[in-house]
Each structure stands twice: as C-alpha cells, then as structure tokens.
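The values are calculated or read from the model by the stated rules, or taken from the named source; none is laboratory data. From a predicted model like this one, the values you see are computed outputs, not experimental measurements. Cβ coordinates were reconstructed from backbone atoms using ideal geometry, including for glycine residues, and neighbour counts include every protein chain displayed.
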C-alpha cells in the first residue's frame with residue numbers, strides 16, 4: 001500500500017513524500033490508517049524551531065484518530081475496523097518509573113512525532129496497547145484525547161480539592177484542558193491570559209468562574225481584590241514562559257501548590273525564602289497515563305465533555321504545509337486545528 005507522509009526537514013520546511021508501507025507487523029503491533037490529526041503547540045514549536053528534545057527531519061503528529069487496518073494477532077481488545085485514539089507515548093515497560101506505574105516518565109520514552117516519526121502519514125504502525133477504541137466517538141473526537149489527557153493528568157496529579165480556588169495561567173489548549181477537568185471536579189477556576197478570544201472560550205464553553213486579561217502592572221494585590229482578599233490555593237502555569245513561571249510563585253497562597261504544565265527550555269529561578277516561608281509545593285506534570293485516555297473516552301461517550309467547540313480550524317492533509325503558518329498567527333484565533341486525511 002502507498003503511504004503518503006509529511007516530513008519537517010527543518011524549521012518552516014515541509015516536504016511531501018510517498019513510500020510503500022511494509023505490511024509485516026511485529027509481535028503486539030497493529031497497522032492503523034490515520035483519519036484525523038490534531039495540531040498542537042509541540043507541532044507549532046517544531047515548525048518555528050524552538051521545540052525541546054527535537055531533531056530534524058521528523059514526521060510530526062501525535063494527536064491521532066485512526067482506524068485499525070491490520071493486527072499481528074487476534075486481540076480481545078481490538079478488531080479490524082475499530083476507531084481508536086492513539087496514545088503516542090512509547091515506553092519501555094522495564095525501567096524504574098515504568099515499573100512504578102509512571103510510564104509517562106519512562107527513562108527511555110519516545111513520543112510519536114517528537115522523538116520518533118509520528119502520524120502525519122496515511123498509515124502508522126503502533127503497539128496494540130497504545131490504541132484506545134470507541135464505538136461511539138468520531139475520529140475528530142478521538143484525535144483530541146491526547147491533549148485532553150495532559151490536562152486531566154495535571155489535575156489528577158495536583159490532588160486539588162473541591163473547596164480550592166485554582167488559577168490557570170495560559171489559555172492555550174493545554175491550559176484549557178486543565179480548566180475542563182478542574183471544573184468537572186466542581187472547583188472554582190480563574191483563568192488569566194492576554195488572548196481575549198481564548199478567555200471568552202474558557203468562560204462561555206468551559207464555565208470558568210472568572211477570567212482576567214491582565215495589564216503589565218498586574219500584581220498579587222490586584223488578584224487578591226478579585227478573589228475577595230485571598231490568593232489561589234493552586235496555580236497551573238501552562239505558558240511555558242520563563243517570566244510567567246518565575247512570577248507565578250508570587251500569586252500563590254501560603255501553603256499552596258504550584259504546578260508547571262508548560263515546558264520552558266532552560267532554567268527557572270525562584271526566591272528560596274518565599275518558597276520556604278510559604279511552604280509551597282512545586283510540581284511538574286508530564287504527558288498522561290493509559291487509564292486517563294480510557295477515562296476521557298468514557299467521559300466523552302457520556303457527553304460529560306463536549307469537544308465540538310474546540311475544533312475551530314480544519315484543513316486537508318495536502319493543504320497543511322501552506323496552512324500551518326496561518327494557524328500560528330494569534331489573529332486567526334485558533335483553539336484547535338484539525339487535519340483530515
């Protein structure tokens with residue numbers, strides 16, 4: 001079978017290629033036909049040349065909705081023709097974190113579309129245990145499970161309580177996914193961003209309790225005024241911005257939790273006396289776990305999550321190299337772009 005794929009040879013330079021796919025599968029492997037590809041910050045950063053842990057050339061694509069075409073052996077969990085979400089985190093299963101149930105932090109982790117070639121292709125070979133099926137969800141919906149999983153994992157890892165007030169800094173898709181799962185827990189959520197369109201989305205679609213478009217002099221005192229004298233019990237910084245991440249320590253209540261969801265390439269500094277005085281809990285969160293994919297699919301099947309409004313832009317596979325530049329432009333007001341094959 002002919003396999004079309006897109007290679008990002010260097011920042012800003014895609015190349016269309018085609019080969020004949022080898023139909024032989026390894027033990028525990030499946031062949032899937034890619035139907036939908038969600039485009040995320042990782043892809044935009046790779047296109048711009050500022051994505052960490054990344055080498056060129058690379059086939060991008062890790063938010064994938066696909067159809068099972070071939071299985072190496074019979075499976076109780078999958079059948080030919082099943083619609084699936086692809087979990088793109090290829091872990092070894094043998095290292096200490098894997099054995100401790102932290103496969104998202106595998107010492108040898110390879111993420112599709114980042115460390116190894118991903119799903120901007122007609123076909124892809126994937127381990128069967130990385131496929132999560134649904135007979136109810138569309139391919140569009142299945143292609144959103146991965147980025148929703150990052151927000152779900154961040155919220156679960158934080159162990160925030162219903163009585164907490166949470167501040168989410170950064171209303172990109174990952175920050176918005178944090179809002180989604182915090183609100184499912186019944187938690188009061190405040191969202192701060194400079195992008196008014198995304199703030200409006202957080203409020204109208206995700207029911208954020210308050211939104212803030214800050215001025216350059218926005219301070220903890222101003223936040224206290226908004227929150228009736230208090231500061232947030234937990235802050236999720238989803239910006240990946242050094243200045244924002246360092247400044248977020250100042251906006252947290254004493255005894256609070258600070259969760260870095262976004263990734264910055266470099267060192268983060270903070271004031272140690274403030275850190276100790278306020279007994280701050282600092283956490284990082286990475287990727288998602290297999291059970292979180294399953295939980296999100298169940299929530300979507302039960303219509304507890306409505307993803308339709310998230311997909312604001314779409315194009316076909318051949319159009320994408322000439323489209324991504326527009327989607328990066330903040331003026332285009334992209335929440336989630338989706339590629340169709």
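Some observations on this one:
To keep it simple, each residue is scored yes or no on (1) outside the structural domain of residue 326 (by TED's automatic domain parsing); (2) touching a residue at least 12 places away in the same chain (Cβ under 8 Å); (3) more than 20 Å from the chain's Cα centre (by Cα); (4) within 21 Å of residue 328 (Cβ to Cβ).
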site: 8; (1), (2), (3), (4): no, yes, yes, yes
site: 14; (1), (2), (3), (4): no, yes, yes, yes
site: 40; (1), (2), (3), (4): no, yes, no, yes
site: 68; (1), (2), (3), (4): no, yes, yes, no
site: 85; (1), (2), (3), (4): no, yes, no, no
site: 100; (1), (2), (3), (4): no, no, yes, no
site: 110; (1), (2), (3), (4): no, yes, no, no
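- Selection within the stretch 190-209 - touching a helix residue (DSSP H, G or I) at 6+ places or on another chain (Cβ under 9 Å) and assigned to a helix (DSSP H, G or I): 197, 198, 201, 202, 204
- Counting the residues of the stretch 285-333 that are within 19 Å of residue 204 (Cα to Cα), in a loop (DSSP other than H, G, I, E, B) and either more than 15 Å from the chain's Cα centre (by Cα) or modelled with pLDDT of 95 or more (or both) gives 5.
- Residue match in the stretch 89-100 (condition: part of a strand (DSSP E or B) and closer than 22 Å to residue 296 by Cβ): yes
- Considering the conditions (1) loosely packed, with under 14 Cβ neighbours inside 10 Å; (2) free of Cβ contacts under 8 Å to residues at least 24 places away in the same chain, residue 274 is excluded by exactly one of them, (2).
- The set of residues in the stretch 101-111 that are in a loop (DSSP other than H, G, I, E, B) and either crowded, with 17+ Cβ neighbours inside 10 Å or touching a strand residue (DSSP E or B) at 6+ places or on another chain (Cβ under 7 Å) (or both) comprises 106, 109.
- Selection from the stretch 172-189 of residues that are part of a loop (DSSP other than H, G, I, E, B) and either at pLDDT below 95 or surrounded by fewer than 20 Cβ atoms within 10 Å (Cβ to Cβ) (or both): 172, 185, 186
- Checking each residue in the stretch 210-239 for being buried (at least 16 other Cβ atoms within 10 Å of the Cβ), part of a loop (DSSP other than H, G, I, E, B) and either without any contact (Cβ under 8 Å) to a residue 40 or more places away in the chain or in contact with a helix residue (DSSP H, G or I) (Cβ under 8 Å, 6 or more places away or on another chain) (or both) picks out 231, 232, 238, 239.
- Boolean, residue 258 is assigned by TED's automatic domain parsing to the domain that holds residue 172 and within 30 Å of residue 102 (Cβ to Cβ): yes
- Filter result (part of a strand (DSSP E or B) and surrounded by 18 or more Cβ atoms within 10 Å (Cβ to Cβ)) within the stretch 112-132: 112, 121, 123, 124, 126, 131, 132
- The set of residues in the stretch 14-33 being touching a helix residue (DSSP H, G or I) at 6+ places or on another chain (Cβ under 9 Å) and either at pLDDT 95 or above or on the phi < 0 side of the Ramachandran plot (or both) consists of 14, 15, 16, 29, 30.
- Tally of residues being surrounded by 15 or more Cβ atoms within 10 Å (Cβ to Cβ) and either over 21 Å from residue 150 (Cα atoms) or in contact with a helix residue (DSSP H, G or I) (Cβ under 8 Å, 6 or more places away or on another chain) (or both) across the stretch 283-332: 28
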